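Chemist: Below are the structure tokens for one structure; questions will follow.
The values are calculated or read from the model by the stated rules, or taken from the named source; none is laboratory data. Quick caveat: nothing in here was measured; it's all calculated off a predicted structure. Note: ideal-geometry Cβ built from the backbone for every residue, glycine included; neighbour counts use all protein chains shown.
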């Protein structure tokens, strides 16, 4: 997992519209990169809608949600809840692995690999300003507002 003060792992991923987004293209702005397990599930919906609801309080901070879902599913999720921020597709979990959030999980006694809900605040210089591993859906917006001093 990237440490606070270190460079954020770079990436280029397709968004919900199929357009490529490069993290480095956002240099000069703060960026929240949050990883969530699956679009349109209860916890992920709570997290994404919570971030949508604080958008007017975070200035020009960019919000990027990352999951293994395909762009089409991300587009439906965005449209259904009017999220208004970029959702990125990491189907091969390459970026989730770079950020240390592709982990073994367990549900109903079955073990499987998946995304551990986590969030990272990247500063204007591309360094990790804050990291929240295993964050709860409801804490993501609150932690972001606190870190931004909002």
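Chemist: (1) touching a strand residue (DSSP E or B) at 6+ places or on another chain (Cβ under 7 Å); (2) surrounded by fewer than 18 Cβ atoms within 10 Å (Cβ to Cβ); (3) more than 18 Å from residue 31 (Cα to Cα); (4) modelled with pLDDT of 95 or more: which one isn't true of residue 130, the others all being true?
Modeler: With respect to (1) touching a strand residue (DSSP E or B) at 6+ places or on another chain (Cβ under 7 Å); (2) surrounded by fewer than 18 Cβ atoms within 10 Å (Cβ to Cβ); (3) more than 18 Å from residue 31 (Cα to Cα); (4) modelled with pLDDT of 95 or more, residue 130 is out only on (3).
Chemist: Just checking, how many residues over region 24-51 are touching a helix residue (DSSP H, G or I) at 6+ places or on another chain (Cβ under 7 Å), assigned to a helix (DSSP H, G or I) and more than 25 Å from residue 2 (Cα to Cα)?
Modeler: Count: 2.
Chemist: Can you go through 64, 21 and tell me which one is touching a residue at least 24 places away in the same chain (Cβ under 8 Å) and within 26 Å of residue 112 (Cα to Cα)?
Modeler: Values: 21 fails: within 26 Å of residue 112 (Cα to Cα).
The match here is 64.
Chemist: Condition first: closer than 21 Å to residue 22 by Cβ and either modelled with pLDDT under 95 or in contact with a helix residue (DSSP H, G or I) (Cβ under 6 Å, 6 or more places away or on another chain) (or both). Now tell me which residues in region 73-83 satisfy that. Walk me through it before giving the result.
Modeler: Going residue by residue through region 73-83, those that are closer than 21 Å to residue 22 by Cβ are 74-75, 78, 83.
Scanning region 73-83 gives a single hit, 83.
Chemist: Before we move on, is residue 96 out of contact with any helix residue (DSSP H, G or I) (no Cβ under 9 Å at 6 or more places or on another chain) and surrounded by 19 or more Cβ atoms within 10 Å (Cβ to Cβ)?
Modeler: On the way: out of contact with any helix residue (DSSP H, G or I) (no Cβ under 9 Å at 6 or more places or on another chain): yes; surrounded by 19 or more Cβ atoms within 10 Å (Cβ to Cβ): yes.
In short, yes.
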